[in-house]
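S.K.: The structure under discussion is supplied below as structure tokens; questions concerning it will follow.
The values are calculated or read from the model by the stated rules, or taken from the named source; none is laboratory data. Just so you know, these numbers come straight off a predicted model, no measurement behind them. No Cβ is skipped: glycine too gets one built from the backbone with ideal geometry, and neighbour counts run over all protein chains shown. Note: accessible area is taken over every heavy atom of the protein model, side chains too, but ligands, DNA and RNA are not part of it. Shrake-Rupley method; radii C 1.70, N 1.55, O 1.52, S 1.80 Å.
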Amino acid sequence: MFKTVEYKNLIENLKDYALIDVRSPKEHEEYTIPGAINIPLFTNEERKEIGTVYINESVEKAKKMGIEAVSKKLPQIFDDIMELHKKNRNLVFFCARGGMRSSSITALVNSLGISAYKIKGGYKGYREFINDEMNTINSEIKYIVVHGKTGTGKTEILKKLHSKGYDMLDLEECANHRGSLLGSVGLGECRKQKMFESLVIEELRKRKTNYVFIEGESKRIGNIILNNDIFDAMKNGYHIYVESSLEERAELLIEEYTQHGSSKEEILSALDNMEKYLGKKKAAHYKELINNDGFYEVALELMTDYYDPMYLNSMKGYEFEFKFYIENVDEGVAALEKWYKDNIGINI
């Protein structure tokens with residue numbers, strides 16, 4: 001016999017548990033519980049085949065196929081589980097809905113004398129917790145929203161503040177995307193919506209206060225749509241605007257977007273996607289400049305002709321508690337620290 005536990009009852013002491021995702025590698029890669037270890041019972045192909053038989057032929061036949069598929073892997077699965085058990089961590093298994101996959105492996109492990117749990121409702125049960133928590137946690141927070149045109153160093157400023165002990169939520173880090181049409185350059189694929197929301201909750205639960213710095217974002221970040229609870233809380237937060245010279249912004253953009261070896265190719269590909277916004281002639285002009293390492297000229301022109309007008313239009317209707325001009329990131333950190341001490345009054 002084994003115990004079933006709700007995820008919300010694990011959250012305060014997660015470090016004491018080894019969360020084991022027994023779903024297929026593809027399921028795990030798309031989204032999982034942050035920190036979970038994937039010990040799949042089925043390969044991607046096996047899961048697809050068994051699922052097809054389950055739906056179209058026979059439940060009994062699908063179960064038999066599952067037993068045959070798992071039995072060949074049991075020695076390796078057992079070794080992987082024992083490695084976690086030796087680290088004196090409580091074993092907690094989950095699958096998609098808390099059904100056959102997690103139930104069978106949890107029962108097997110318990111039959112071998114190793115205490116183990118399974119998450120009630122599986123990943124679906126975990127998602128119910130995330131949805132409830134998103135509403136609850138954002139109702140408690142007062143966001144300090146930092147706005148500014150592309151290249152003003154908002155992300156760098158907030159990361160330095162975070163390193164000094166201030167609470168911060170980095171939405172772009174959670175999304176693995178910078179939010180613009182060039183936002184994926186050097187980062188790889190944007191995360192899936194469910195994984196993004198899991199990472200947001202994980203970060204917010206680490207906060208020390210209810211005053212959280214956050215970068216101003218539109219409703220969409222790459223493929224991610226901001227949850228209404230976050231977006232509404234941001235709108236009701238403190239709004240601060242930072243400005244910097246066009247030249248400083250261009251230099252910062254070049255540093256950020258060209259630090260990866262594949263950046264040139266990715267920028268060229270992104271410009272292809274921007275052609276419908278820029279026009280064929282201008283996009284071709286930018287691509288020619290990039291091919292000749294004319295990053296500075298492209299950065300200046302893109303900000304002047306595309307990003308700045310679009311950003312200023314999005315800022316209509318905002319009232320700012322504080323506006324300031326900086327020549328570098330450290331000036332921004334100092335200005336925000338002073339504003340925080342003067343207005344929030346919490347010593348960090």
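S.K.: Before we move on, is Asn210 closer than 26 Å to Gly165 by Cβ and polar (S, T, N, Q)?
M.R.: The answer is yes for Asn210.
S.K.: Six or more apart or on different chains, Cβ under 9 Å: which pairs go from a residue in the stretch 273-286 that's under 23 Å from Gly222 (Cα atoms) and free of Cβ contacts under 8 Å to residues at least 12 places away in the same chain to one that's open to solvent by 50 Å² or more (accessible area, probe 1.4 Å) and part of a helix (DSSP H, G or I)? Could you list them?
M.R.: So the pair list comes out as Glu275/Lys282; Glu275/Ala284.
S.K.: Could you list, in sequence order, all residues of the stretch 1-32 that are open to solvent by 40 Å² or more (accessible area, probe 1.4 Å), in contact (Cβ under 8 Å) with a residue 40 or more places away in the chain and over 17 Å from Thr43 (Cβ atoms)?
M.R.: Met1, Phe2, Lys3, Thr4, Glu6, Lys8, Asp16, Tyr17, Tyr31 - these are the residues of the stretch 1-32 that are open to solvent by 40 Å² or more (accessible area, probe 1.4 Å), in contact (Cβ under 8 Å) with a residue 40 or more places away in the chain and over 17 Å from Thr43 (Cβ atoms).
S.K.: I need the full set of residues from the stretch 308-334 which are under 15 Å from Glu248 (Cβ atoms), of a type in the set (A, V, I, L, M, F, W, C) and free of Cβ contacts under 8 Å to residues at least 60 places away in the same chain, in order please.
M.R.: Result: no residue meets the conditions.
S.K.: When His85 is evaluated against the numbered criteria (1) open to solvent by 30 Å² or more (accessible area, probe 1.4 Å); (2) in the same structural domain as Ser269 (by the TED database), which criterion, by number, is the only one it fails?
M.R.: Failing condition for His85: (2).
S.K.: Select the helices (runs of 4 or more DSSP H) contained entirely in the stretch 254-346, then report the ones holding at least 3 residues which are closer than 21 Å to Ile144 by Cβ and assigned by the TED database to the domain that holds Lys154.
M.R.: Correct list: 329-343.
S.K.: Out of all the residues in the stretch 147-168, is one or more open to solvent by 20 Å² or more (accessible area, probe 1.4 Å), at pLDDT 95 or above and touching a Ser or Thr at 6+ places or on another chain (Cβ under 9 Å)?
M.R.: No: zero hits.
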